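In what follows, a structure is listed as structure tokens, so that the remarks can point back to it.
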Amino acid sequence: VAGNWKMNLNLQEGLALAKEVNDALAADKPNCDVIICTPFIHLASVAGVLNSQLVGLGAENCADKEKGAYTGEVSAEMVKSTGAQYVILGHSERREYYNETPEILKEKVLLALKNGLKVIFCIGETLAEREANKQNDVVKAELEGSVFNLSAEEFANVIVAYEPIWAIGTGKTATAEQAEEIHAFIRSAIAEKYGNEVAENTSILYGGSAKPSNAPELFAKPNIDGGLIGGAALKCADFKGIIDAWKK
Ligand code: PEP
């Protein structure tokens, strides 16, 4: 279960939430992996309050360039140096608002992996694409465009997050059946490219208005390996409620 804080919480608020999550999980151990992905400015401080055995840490983005005169950018190496182990790449908000193309994302993925970060790679269709029944083509093209160039060894460091754009922050969740259907398709596309063993070992997360009330049904599906959580990751009780869905 991975949280994506997006552009929320100042440093003090973020640190308080990270401590609260860490303490809650120390008191009641999760039976899944838990990751918090924060804005860049929180990373180094949050790394200091998390027990890395309990909670992983990730960034929400990194640069598509290695280093140099790119004012305002943050490289994969810099992210790694904070103590973070993960980075979210390909989130639909970055594709849409910051014009991140498959080629740019391909560079970011390569740099993240080169610097020892694991990548949470987001894919997902718009409402119009789903209504035209193009969701499978869309997610396959997103994988082909930015991560299917990797070797099987490199791909082992990629977590896939399926996030239907129409379900992000909208309160509309894909039904567990809809999510399972496309997760199974994504796993089959990975198997076609890398073989069954790699596909079985790939974590495929669902994202889009996940909350404590719908997480148990989603996580009960065989091809849904966890969740990428936006809004509900900003409140410890909600995030913990989703993590606890793995105990049901
Ligand atoms: C996300 O943007 O990664 C996400 C899943 O957001 P939310 O849970 O708020 O829909």
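Odds and ends about this structure:
- Within segment 3-39, the residues that satisfy the criterion of being open to solvent by 60 Å² or more (accessible area, probe 1.4 Å) and either within 16 Å of the ligand (Cβ to nearest atom) or touching a helix residue (DSSP H, G or I) at 6+ places or on another chain (Cβ under 7 Å) (or both) are 7, 8, 19, 20, 31.
- Count of segment 143-155 residues which are open to solvent by 30 Å² or more (accessible area, probe 1.4 Å) and either in contact with a helix residue (DSSP H, G or I) (Cβ under 7 Å, 6 or more places away or on another chain) or within 16 Å of the ligand (Cβ to nearest atom) (or both): 3
- Within segment 182-195, residues that are without any contact (Cβ under 8 Å) to a residue 24 or more places away in the chain sit with their Cβ atoms under 9 Å from residues that are of a type in the set (A, V, I, L, M, F, W, C), at 6+ positions apart or across chains, in these pairs: 188/199; 191/198; 191/199; 192/199.
- Cross-chain or 6+ apart pairs with Cβ under 6 Å, segment 157-178 first and in contact (Cβ under 8 Å) with a residue 24 or more places away in the chain, then open to solvent by 60 Å² or more (accessible area, probe 1.4 Å) and away from the ligand (no atom under 11 Å from the Cβ): 157/118; 166/127; 176/217
- Cβ-Cβ contacts under 6 Å between residues 6 or more apart (or on different chains), taken from a first residue in segment 203-219 that is farther than 22 Å from residue 190 by Cα to a second residue that is away from the ligand (no atom under 12 Å from the Cβ) and part of a loop (DSSP other than H, G, I, E, B), are listed as 216/248.
- Residue ranges of strands (runs of 3 or more DSSP E) in segment 16-134 with at least 1 members at pLDDT 95 or above and small (Gly, Ala, Ser): 56-59
Residue-wise test of (1) under 17 Å from the mean Cα position of the chain (by Cα); (2) not small (Gly, Ala, Ser).
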| position | (1), (2) |
| --- | --- |
| 2 | yes, no |
| 19 | no, yes |
| 23 | no, yes |
| 29 | no, yes |
| 47 | no, no |
| 59 | yes, no |
| 65 | no, yes |
| 77 | no, yes |
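The values are calculated or read from the model by the stated rules, or taken from the named source; none is laboratory data. Owing to the predicted nature of the structure, the values given are computational and were not obtained by experimental measurement. Methodologically, a virtual Cβ is constructed for each residue, glycine included, from the backbone with ideal geometry; neighbour enumeration extends over all protein chains shown. The protein model used for the area step is the full one, side chains on, heavy atoms only, and it has no ligands, DNA or RNA in it. Shrake-Rupley method; radii C 1.70, N 1.55, O 1.52, S 1.80 Å.
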